[in-house]
1. So Tyr76 fits all but one of (1) surrounded by 18 or more Cβ atoms within 10 Å (Cβ to Cβ); (2) outside any helix (DSSP H, G or I); what number is the exception?
2. Show the residue pairs that are 6+ apart or on different chains and have beta-carbon atoms under 9 Å apart, the first residue being within segment 40-56 and farther than 12 Å from Leu137 by Cβ, the second being surrounded by 18 or more Cβ atoms within 10 Å (Cβ to Cβ) and among the aromatic types (Phe, Trp, Tyr).
3. Being at positive phi, touching a His at 6+ places or on another chain (Cβ under 7 Å) and of a type outside the set (Phe, Trp, Tyr): is that true of Gly136 here?
4. So which residues in segment 113-144 are surrounded by 12 or more Cβ atoms within 10 Å (Cβ to Cβ), among the aliphatic types (A, V, I, L, M) and either free of Cβ contacts under 8 Å to residues at least 24 places away in the same chain or touching a Ser or Thr at 6+ places or on another chain (Cβ under 9 Å) (or both)?
5. Would it be correct to say that Gly88 is under 17 Å from Trp48 (Cα atoms) and of a type outside the set (S, T, N, Q)?
6. Out of (1) farther than 22 Å from Thr110 by Cβ; (2) exposed (fewer than 12 other Cβ atoms within 10 Å of the Cβ), what's the single condition that is false for Trp62?
7. Considering only residues that are out of contact with any Gly (no Cβ under 8 Å at 6 or more places or on another chain) and assigned to a strand (DSSP E or B), which ones fall in segment 92-104?
8. Got at least one residue in segment 57-69 being in a loop (DSSP other than H, G, I, E, B), out of contact with any Gly (no Cβ under 6 Å at 6 or more places or on another chain) and either among the acidic types (Asp, Glu) or under 22 Å from Met32 (Cα atoms) (or both)?
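Every read-out reported here was derived from the displayed coordinates using simple, explicitly stated rules and does not represent laboratory data. Here the structure is a predicted model, which means the values were calculated and not measured. Cβ atoms come from the backbone with ideal geometry, glycine included; neighbour counts cover every protein chain shown.
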Amino acid sequence: MTIRSTRRARRAFCLLLASALLAGCASTGKPMQALDRVQYAWSAAVRWNDFDSAWHLVDPAWREAHPLTEQARERYRQIQVTGYTERGGARADAASASREIDIALVNRHTMAERTVRYTEHWRYDAAAGTWWITDGLPDLWAGE
């Protein structure tokens, strides 16, 4: 099995997992449990560098307004996430949530390691029965 086919298989698995979790979210009727599930799927996708799968958990309105270019995808391919840690500051109500995250990563070309603080913002979409992250993929290059 080549690296490319392994990545494809992992991406397909993550998409399948995210789809199953989102379907489960719609059927529970309990937004806070649905939030836990979708945040788990999001953190798994980011932690495993599967930003294509994470992209599908981004609010559709955001995706339409800010399409993910091939150049942006290539930037995400240049890093390897080595840690994803919730740092508290989490708050949630029935329609919105946020949490502070530290993302540790290594640049594949320079082997430089760093940590980025990221705040996730979520909104509940009652019509779709799911939660969406409202501000796109994490900006791992803030200030660069």
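1. (2)
2. Listed by first residue and then by second, the contacts come to Ser43/Tyr84; Ala44/Tyr84; Arg47/Tyr84.
3. yes
4. none
5. Values: under 17 Å from Trp48 (Cα atoms): no; of a type outside the set (S, T, N, Q): yes.
Against the criterion (under 17 Å from Trp48 (Cα atoms) and of a type outside the set (S, T, N, Q)), Gly88 does not qualify.
6. Answer for Trp62: the failing condition is (2).
7. Kept after step one, since they are out of contact with any Gly (no Cβ under 8 Å at 6 or more places or on another chain), are these residues of segment 92-104: 92-97, 101.
Answer for segment 92-104, where residues must be out of contact with any Gly (no Cβ under 8 Å at 6 or more places or on another chain) and assigned to a strand (DSSP E or B): Ala92, Ser96, Ala97, Ile101.
8. Yes, because at least one residue in segment 57-69 is in a loop (DSSP other than H, G, I, E, B), out of contact with any Gly (no Cβ under 6 Å at 6 or more places or on another chain) and either among the acidic types (Asp, Glu) or under 22 Å from Met32 (Cα atoms) (or both).
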